[in-house]
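Asker: I have a structure I would like to understand better, so I am pasting it below and will then ask my questions one at a time.
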Amino acid sequence: MFDTLQDRLGGIFDKLRGRGALSESDVGEAMREVRRALLEADVALDVVRSFTDRVRERAVGAELLKTVKPGQMVIKIVHDELVATLGSDAQPISLAAAAPVPILMVGLQGSGKTTSTAKIAKRLQDRDKRKVLMASLDTRRPAAMEQLAVLGQQVGVATLPIVAGQSAVQIAERAMQAGRLGGYDVVMLDTAGRTTVDESLMAEAAEVKRVAKPHEVILVADALTGQDAVNTARAFDGALGITGIVLTRVDGDGRGGAALSMRAVTGKPIKLIGVGEKMDALEDFDPERIAGRILG
Ligand code: GDP
């Protein structure tokens, strides 16, 4: 197992007791440990660098209180900076637009996109009393379309009838029309995923975005992908302009670094987390909890 950051910093700072304020060199040594802890928690290297720079700026010259050990003080600065970077207030999916509100779900295949689409639809319907229609735009994988239909039945949310031979854009148009005619409040569009970010995936999603004019573009990303999460988030945000992130598999044993990386790189809020395969395993994002995990 990892030593906690607390243990490591305790060792470094024990020799500093009795000083008035943290010096540049005290903090420099501590930052090497902070950097190591963040890398072990799977935070991307470039994110680690800018993060430790910010922590260093706050820590150098910080007054040492007699009642608090220097190591604990640095931990608190790191913790507070983690929470600030992760975003301190809960950000629900916004429905503040004319009905039917289009929500576009994007992400790599296997990230949990279809599952998260159904989980969010269920939550909007059960908790927020919205009438929701879901549509799968994954024209290359009939199984993915079937999967959304099965999940829709399971959670009692309507899905757009599957029509073979239509393009993703045509399905999106049909979904919006069905949404208007059927008096739906929300239309969730589950786009196709690929195993890697590729141009045709982005071009298709961009075309769907142009037609459907989504109020939210939600990137679904797997918390266990660690450092790769940064490249995924950067690519999707660059090509589509995402409005938020759903982080899945937070029930797994990842250390939470992906959350920090994606937030830091895109500046977009993590709105919800997936904590299991069941349809109610969806929770609001809690920065304190992820910060705790990253610190170990
Ligand atoms: P997609 O290809 O991105 O649409 O991925 P799916 O929605 O089909 O999900 C792939 C697998 O991940 C399925 O077996 C899901 O049950 C599982 N899954 C999705 N979200 C979570 C989560 O938050 N936690 C866990 N443990 N499994 C999840």
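Asker: Please compute the Cα-Cα pair-distance distribution of region 1-130 with 5 Å bins starting at 0, giving whole percents from short to long.
Answerer: Here the calculated profile for region 1-130 is 2, 9, 16, 15, 12, 9, 8, 8, 8, 8, 5, 1, 0.
Asker: Follow-up question, since we're still on this one. If eta is 0.890 mPa s and T is 25 °C, what Stokes-Einstein diffusion coefficient results for the chain, Kirkwood Rh from Cα pairs, in µm²/s? Each step should come with its number before you reach the end.
Answerer: Values: Rh = 20.4 Å.
Using the Kirkwood radius from Cα pairs, D works out to 120 µm²/s.
Asker: Once Lys and Arg get +1 and Asp and Glu get -1 on their Cβ, which of Gly152, Leu95, Leu108 lies farthest toward the positive end of the dipole of region 3-157?
Answerer: Gly152
Asker: Checking the cross-link filter: which lysines have an alpha carbon closer than 25 Å to that of Lys278, excluding same-chain neighbours under 8 positions apart?
Answerer: Reachable lysines: Lys113, Lys119, Lys122, Lys129, Lys131.
Asker: Using only Cα atoms, find the angle between the long axis of helix 70-86 and the longest principal axis of the chain, and express it within 0 to 90 degrees, rounded to the nearest 10.
Answerer: Tilt of helix 70-86: around 20 degrees.
Asker: If you take the charge dipole of region 187-283 about its Cα centre, with +1 on Lys and Arg Cβ and -1 on Asp and Glu Cβ, which of Met202, Met279, Gly254 is farthest toward its positive end?
Answerer: Positive-end residue among those listed: Met202.
Asker: Can you give the angle from 0 to 90° between the axis of helix 113-126 and the longest principal axis of the chain, with both taken from C-alpha atoms, to the nearest 10?
Answerer: Tilt of helix 113-126: around 80 degrees.
Asker: Compute the angle between helix 142-155 and the longest alpha-carbon principal axis of the chain, please, reported from 0 to 90 degrees and rounded to the nearest 10.
Answerer: Long axis of 142-155 versus the principal axis of the chain: about 80 degrees.
Asker: Follow-up. What size of dipole, in debye to the nearest 20, comes out for region 98-196 about its Cα centre when the only charges are +1 on Lys and Arg C-beta atoms and -1 on Asp and Glu C-beta atoms? Intermediate values should be presented prior to the final figure.
Answerer: Numbers: 13 positive and 7 negative charges, 36 e Å.
Its charge dipole is roughly 180 debye.
Asker: For the chain, with only Lys/Arg (+1) and Asp/Glu (-1) charged at the beta-carbon, what is the dipole magnitude about the Cα centre, in debye rounded to 20?
Answerer: Details: 39 positive and 39 negative charges, 82 e Å.
For this selection, approximately 400 debye.
Only the coordinates and a few stated rules stand behind these numbers; no lab work does. Being a predicted model, the structure only gives us computed values, none of them experimental. Quick reminder, even Gly has a Cβ in these numbers, built from the backbone with ideal geometry, and neighbours come from all protein chains shown.
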